[in-house]
Amino acid sequence: MAQRGPLSGIIIIDLSRILAGPYCTLLLAELGARVIKVEPPQQGDDARQYGPFKNGKSAYFASVNRGKESIALDLKSPAGRDIFERLLDKADALVENFRPGTMEKLGYGWEKLHQSYPRLVYAAASGFGHSGPYSHYPAYDMVVQGLGGIMSITGHPGMPLTRVGTSVGDLAGGLYTAVALNAALLHREWTGEATKVDVALFDCQLALLENAIMRYTTTRDGNIIIAAGNDGLFVKLAHALDRADLAENPLFKTNALRNEHQEALRAEIESVLRGKETNHWIAVLEAAGVPCGPVNNIAQALAHPQTAARNMLISVDDPVTGPLELAGNPMKLSSFVDPPTRPQAPDLDADRDHILRELGL
């Protein structure tokens, strides 16, 4: 049963898995929403296989899926689709964190759902969002930490680049998606209009800059993140590196084993990567569908083509400071424009007169 809270009575259909989407829906459940988690049959959410385990159950999964309901549905079967569509009839919002295009292939993209369920708010959290030249690329937490620049300002001078200890890439995406989804629900209550929420993990890292099995590994001319976060991706990685033997090695057959033998695996992978430059390996791994990316400094993160495509660097024209370039808004809403400029910050007491007039004083 959903707990009482300000979102009591709101029904969320949750197609998300692993962390970013489930963290969003965890927050909604904590606020009182009823969250119905729709999972693939047999295996379910990949996170059910993530350790640590207690009495055979994943404590990782439990930590971000408590208080939700679960139903296993095959969305490619007529029976599964019928049940899913009956759930959508009752729902206030749908949350998913698939790669862009996946929902369209299933026949449940925003455009189609909006026609069939005009009051359904649609919230998508993905690595790079639903627009821009990188939108179709896969991304794990560690990839966006590297790309978004946050790793370049974490750690100690002269020491190795450092991943933030918590999965701040995924968690920030979940947080911003929850904030935007709540705003979209409020907008619907006022206007009757449902909205698509589009949040990119990469955008969220830029917004947080303020003033994976593999850790990062060093190549000949830079640092690269490789996030082969499940068995299928690890097989792809092994073949892309022309080391198919790694996928058959009994030390590396599962996520748990790869973590247990991390240093041995790291040595094997680094021995291959050192042979060529970072850009070569990024091209090879991207072509193979393995989530990866360079570790960018702030300048490189801001120069990334996705930054401009997603309007994540906006300008403020202040009469005192002159033009300022600041982080944009990672919460994209289909019903609202995302202008390239913003108003300046107010001077102290600057709006006193018109605020007092509004109050009749």
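The values are calculated or read from the model by the stated rules, or taken from the named source; none is laboratory data. As the structure is a prediction and not an experimental result, all values here were calculated from the model. Neighbour counts run over all protein chains shown; Cβ positions are idealised from the backbone, glycine included. Side chains included, ligands, DNA and RNA excluded: accessible areas come from the protein's heavy atoms. Shrake-Rupley method; radii C 1.70, N 1.55, O 1.52, S 1.80 Å.
Give segment 101-157 a look and list any residue that's within 25 Å of V295 (Cα to Cα) and of a type in the set (D, E, K, R), or say none.
D141
For D92, state whether it is under 21 Å from S126 (Cα atoms), touching a Ser or Thr at 6+ places or on another chain (Cβ under 9 Å) and charged (D, E, K, R).
no
Can you name the helices (runs of 4 or more DSSP H) wholly within segment 258-361 that have at least 1 residues being in contact with a Pro (Cβ under 8 Å, 6 or more places away or on another chain) and either more than 26 Å from S152 (Cβ to Cβ) or at pLDDT 90 or above (or both)?
Passing ranges, in order: 278-287, 298-303, 305-309.
So that you can scan it fast, the table gives a plain yes or no per residue for (1) within 29 Å of L186 (Cβ to Cβ); (2) under 21 Å from the mean Cα position of the chain (by Cα); (3) among the aliphatic types (A, V, I, L, M); (4) part of a helix (DSSP H, G or I):
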| site | (1), (2), (3), (4) |
| --- | --- |
| I71 | yes, no, yes, no |
| R86 | yes, no, no, yes |
| H114 | yes, no, no, yes |
| R119 | yes, no, no, no |
| S131 | yes, yes, no, no |
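Residue by residue, here is whether (1) outside any loop (DSSP other than H, G, I, E, B); (2) under 20 Å from A183 (Cβ atoms); (3) open to solvent by 50 Å² or more (accessible area, probe 1.4 Å); (4) modelled with pLDDT of 95 or more holds:
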position: M1; (1), (2), (3), (4): no, no, yes, no
position: P6; (1), (2), (3), (4): no, yes, yes, yes
position: R17; (1), (2), (3), (4): no, no, yes, yes
position: Y23; (1), (2), (3), (4): yes, yes, yes, yes
position: L27; (1), (2), (3), (4): yes, yes, no, yes
position: V35; (1), (2), (3), (4): yes, yes, no, yes
position: V38; (1), (2), (3), (4): yes, no, no, yes
position: Q43; (1), (2), (3), (4): no, no, yes, no
position: G51; (1), (2), (3), (4): no, no, no, no
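Name the single residue that is surrounded by the most Cβ atoms within 10 Å (Cβ to Cβ) among those in segment 146-177 being out of contact with any Leu (no Cβ under 8 Å at 6 or more places or on another chain) and under 14 Å from S126 (Cα atoms).
Across segment 146-177, the extreme among qualifying residues is T177.
To keep it simple, each residue is scored yes or no on (1) surrounded by fewer than 14 Cβ atoms within 10 Å (Cβ to Cβ); (2) touching a Ser or Thr at 6+ places or on another chain (Cβ under 7 Å); (3) closer than 26 Å to D141 by Cβ; (4) of a type outside the set (S, T, N, Q).
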position	(1), (2), (3), (4)
G9	yes, no, no, yes
G32	no, yes, no, yes
K76	yes, no, no, yes
E104	yes, no, yes, yes
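Regarding Y60, is this residue at pLDDT 95 or above, among the aromatic types (F, W, Y) and open to solvent by 10 Å² or more (accessible area, probe 1.4 Å)?
Against the criterion (at pLDDT 95 or above, among the aromatic types (F, W, Y) and open to solvent by 10 Å² or more (accessible area, probe 1.4 Å)), Y60 does not qualify.
Restricting to segment 88-112, name every residue that is of a type in the set (D, E) and outside any helix (DSSP H, G or I). Show your work before the answer.
Looking only at segment 88-112, we keep the residues that are of a type in the set (D, E), and these are 89, 92, 96, 104, 111.
Residues satisfying the conditions are D92, E96.
Considering only residues of segment 272-296 that are aliphatic (A, V, I, L, M) and over 18 Å from the mean Cα position of the chain (by Cα), which is surrounded by the most Cβ atoms within 10 Å (Cβ to Cβ)?
The extreme case among them is L285.
So if I check each of E210, E193, which one is modelled with pLDDT of 95 or more, surrounded by fewer than 21 Cβ atoms within 10 Å (Cβ to Cβ) and either within 22 Å of S126 (Cβ to Cβ) or of a type outside the set (G, A, S) (or both)?
Going through E210, E193 in turn, the sole match is E193.
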